[in-house]
Amino acid sequence: MNKDVLIIGAGPAGLAAAVTLLRGGVEPIVLESSSRAGGSIVTHRENGFLVEGGPNSLMLEKDGVEDFFHQLGLVPLEASSEAKKRFLVCAGRPVAAPAGLFGAIGTPLLSLRGKLRVLGEPFARRAPEGDETVGAFVRRRLGAEAALRLVDPLVSGIYAGDIEKLSLRSAFPRLHLMEEKYGSLVLAGLRKRRAAPVRRMVNFAGGMAEIPNSMVRVLGEDRIRLGAAVQSIEKNAEGWRVTWLNDGEKHVALARCVLLACTPQNWEKLPLPASLSALLRPWHLLAAPPLSVISLGYAREQVAHPIDGFGMLAPGVERRKILGTLFQSSCFKGRAPDGHVLLTTFLGGSRNATLTSEDEASQIKIVRDELNDLLGVRGSPVFTHITRWNRAIPQYNTGHESLLALLASASKTYPNLFFTGNYCAGVALPKTILHAITTARDILEKLK
Ligand SMILES: Cc1cc2nc3c(=O)[nH]c(=O)nc-3n(C[C@H](O)[C@H](O)[C@H](O)COP(=O)(O)OP(=O)(O)OC[C@H]3O[C@@H](n4cnc5c(N)ncnc54)[C@H](O)[C@@H]3O)c2cc1C
């Protein structure tokens, strides 16, 4: 078959690129190795509980993703006002987290000395040359206590990673730019207060799966080949010749462009041309620690804590076994049956990776013990669900920019090869989708 663009990977990035291409009048075909579309998005319904095994919410900004969703017919479900409140574990108890830098002054999470250090932020040393880690940046600007007590848990809530390895420039480019432009986060906060982008935390009535489902409907099932095992990817004069197996049957497509929208750790097994494979080899080592997402349902009266917030995160210094827990049913309607609550806990990440290799019953026991201790949860859950990720979230560690430079060189050598996915421009779903849309537009330009 002849196709304009062959996309490898039917996660949100591959699907969003395919939809954008189709709307631009170009025919895509998407090859997906697993038996379902949606990648990291996994919504599960059981006995009145609606569980997210992957992303559980997203931040909508006026950046094009909202319009994209609107065109797909998606109706965002706004998070409750309670979701603005977050808890950080301190001395074995969940304590309300400060809202922004200015709130840090009144928080019981920092000692007086820690607060004075935060107040000294405008006088912090200038940024050193090179790719600074998030940990070094926060210690330099806000002090060691703020790094340990405030930033470490918040960062682990996004990346399940390590602030001593994550690159400030790559993982939090906005903070890096704020320092570059204003010389201080406090000054940037004061200047930008009015101009701050309006961000809304949302999910959907039917869960995050509404996103891939709506894109699959637009594309039609024939444009997405599930269970496809790619056998060869060869460059020829017109573009690319790609072969794959589906249920033992061989298929061939001639495509003008190829878009890699699958996880870089899987590129090792992709039969790419030898020189391309060699160029991309450093990407195989991209860190993405394992994670277990454990959802437990309880009758409301089993939980002593008011769970009146988005959730709680535990800093590493607290030495808890869990990374944090989301109070799902407090944030979004329809997550638990009447009179019940749904708590989703994250175990593993770079902090406690080995815990994820324990069997499911042991992992659930760990979570139950922690919830008992931190939230006063009593008795057995009425519902349990676990999603295990061997490689959850790619880490934008120091050196990530040099990995991205390899993609730029690959695209120079192979001008009709493109890349998209959560390894390119941010791990959050909106950033991933936006990158996919932008890349698809670049392809449309190329094919004009
Ligand atoms: C547990 C968890 C919680 C998260 N929470 C949030 C959150 O709350 N908010 C938020 O904004 N983001 C969150 N994220 C991040 C976000 O979900 C991901 O970054 C995003 O979904 C990644 O999309 P993607 O299309 O790049 O990759 P993926 O979703 O990983 O999709 C890649 C696809 O490629 C396929 N594939 C791989 N190899 C091949 C191959 N050889 N051939 C064909 N297909 C292949 C895979 O099967 C998969 O379907 C979370 C992620 C995880 C794992």
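The values are calculated or read from the model by the stated rules, or taken from the named source; none is laboratory data. Since the model is a prediction, treat every value here as computed from it, not as a measurement. We place every Cβ from the backbone using ideal geometry, glycine too, and count neighbours over all the protein chains shown.
Scan the helices (runs of 4 or more DSSP H) fully inside the range 334-448 and keep the ones with 1 or more residues being within 16 Å of the ligand (Cβ to nearest atom) and closer than 27 Å to residue 20 by Cα.
400-413, 429-447
Only one of (1) surrounded by 14 or more Cβ atoms within 10 Å (Cβ to Cβ); (2) farther than 17 Å from residue 418 by Cα is not met by residue 282, so which one is it?
Of (1) surrounded by 14 or more Cβ atoms within 10 Å (Cβ to Cβ); (2) farther than 17 Å from residue 418 by Cα, only one is false for residue 282: (1).
Return yes when residue 365 is without any contact (Cβ under 8 Å) to a residue 12 or more places away in the chain, surrounded by fewer than 23 Cβ atoms within 10 Å (Cβ to Cβ), closer than 26 Å to residue 87 by Cβ and over 24 Å from the mean Cα position of the chain (by Cα) and no when it is not.
yes
Pick from the range 100-125 the residues that are modelled with pLDDT under 90 and in a loop (DSSP other than H, G, I, E, B): which of them is farthest from residue 398 (Cα to Cα)?
Within the range 100-125, the match that is farthest from residue 398 (Cα to Cα) is 106.
Looking only at the range 20-55, which residues are away from the ligand (no atom under 16 Å from the Cβ), over 30 Å from residue 338 (Cβ atoms) and not in a loop (DSSP other than H, G, I, E, B)?
22, 23
Show the residue pairs that are 6+ apart or on different chains and have beta-carbon atoms under 6 Å apart, the first residue being within the range 340-356 and closer than 16 Å to residue 56 by Cβ, the second being among the basic types (Lys, Arg) and surrounded by fewer than 24 Cβ atoms within 10 Å (Cβ to Cβ).
Hits for this filter: 341/300.
Go through the residues of the range 256-269 one by one and say whether even a single one is among the β-branched types (Val, Ile, Thr) and within 11 Å of the ligand (Cβ to nearest atom).
yes
From the list 321, 333, pick out the single residue that is more than 27 Å from residue 161 (Cα to Cα), surrounded by fewer than 19 Cβ atoms within 10 Å (Cβ to Cβ), among the basic types (Lys, Arg) and assigned by TED's automatic domain parsing to the domain that holds residue 365.
Residue meeting the stated conditions: 333.
Read through the list (1) crowded, with 21+ Cβ neighbours inside 10 Å; (2) under 22 Å from residue 231 (Cα atoms), then give the number of the only condition that residue 20 fails.
Of (1) crowded, with 21+ Cβ neighbours inside 10 Å; (2) under 22 Å from residue 231 (Cα atoms), only one is false for residue 20: (2).
Answer yes or no: is there a residue in the range 74-97 that is closer than 25 Å to residue 220 by Cα and either within 16 Å of the ligand (Cβ to nearest atom) or without any contact (Cβ under 8 Å) to a residue 24 or more places away in the chain (or both).
Yes; the residues of the range 74-97 include at least one that is closer than 25 Å to residue 220 by Cα and either within 16 Å of the ligand (Cβ to nearest atom) or without any contact (Cβ under 8 Å) to a residue 24 or more places away in the chain (or both).
Between residues in the range 154-168 that are without any contact (Cβ under 8 Å) to a residue 40 or more places away in the chain and residues that are assigned to a loop (DSSP other than H, G, I, E, B) and not charged (D, E, K, R), which pairs lie under 8 Å by C-beta distance while being six or more apart or on different chains?
Close Cβ pairs satisfying both conditions: 155/161; 155/163.
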